[in-house]
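Accompanying notes for the structure given below.
The values are calculated or read from the model by the stated rules, or taken from the named source; none is laboratory data. Since the model is a prediction, treat every value here as computed from it, not as a measurement. Cβ sites come from the backbone with ideal geometry, for glycine too, and all protein chains shown count toward neighbours.
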Amino acid sequence: MYIGVLSKLTGASTKAIRHYEKIGLLQHIQRSGNYRIYDEHHVVIIRMIKQAQALGFKLSEMAPLVISKHNENRFPIEIANQAIDDKRKQLQREILKAQQLDKDLASLKKEVNNLFPSA
């Protein structure tokens with residue numbers, strides 16, 4: 001399939017698809033003359049990239065998956081699981097920080113209302 005069809009199937013722009021290829025997230029793309037020919041595997045990869053981005057992953061964080069897969073010729077599930085676990089830990093730290101901020105704001109509100117009671 002050509003890039004326009006791939007774009008429609010995945011919701012990724014043609015510019016994004018070319019970028020994924022440029023940085024190595026999309027590999028093994030066949031060519032027919034000047035045209036790139038994509039297959040179902042590329043649809044799966046792009047959907048996975050988009051889902052990972054929606055969940056907070058940066059493209060640069062996905063590179064180890066591609067490098068490892070290229071070297072071992074299999075999907076690096078161990079690396080993927082570790083990346084997901086690391087992202088979850090980061091999110092949990094952010095949640096704790098937000099909860100503390102909420103407590104601090106509630107405390108500030110109470111202090112302000114004690115200093116300046118309403119009539």
inquiry  = Which condition from (1) part of a helix (DSSP H, G or I); (2) at pLDDT below 90 is the one that Met48 breaks?
reply    = (2)
message = For Ala54, only one of the following conditions fails: (1) touching a helix residue (DSSP H, G or I) at 6+ places or on another chain (Cβ under 9 Å); (2) without any contact (Cβ under 8 Å) to a residue 12 or more places away in the chain. What is its number?
response = (1)
inquiry  = For the range 52-99: of the residues being at pLDDT below 90 and β-branched (Val, Ile, Thr), which is surrounded by the fewest Cβ atoms within 10 Å (Cβ to Cβ)?
reply    = Ile77
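Kindly check whether there is at least one residue in the range 82-104 that is of a type in the set (A, V, I, L, M), outside the structural domain of Gly4 (by TED's automatic domain parsing) and in contact with a Gly (Cβ under 9 Å, 6 or more places away or on another chain). Before you say what the answer is, go through the steps one by one.
Step one: list which residues in the range 82-104 are of a type in the set (A, V, I, L, M), which gives 83-84, 91, 95-96, 98, 101.
Okay, now just the ones that are also outside the structural domain of Gly4 (by TED's automatic domain parsing), so 83-84, 91, 95-96, 98, 101.
So of that shortlist, the ones also in contact with a Gly (Cβ under 9 Å, 6 or more places away or on another chain) come out as 91.
Yes; the residues of the range 82-104 include at least one that is of a type in the set (A, V, I, L, M), outside the structural domain of Gly4 (by TED's automatic domain parsing) and in contact with a Gly (Cβ under 9 Å, 6 or more places away or on another chain).
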request  = Can you run down the residue pairs with Cβ atoms below 7 Å, 6 or more apart or on separate chains, where the first is in the range 1-23 and within 16 Å of Met48 (Cα to Cα) and the partner is aromatic (Phe, Trp, Tyr)?
outcome  = Leu6/Tyr38
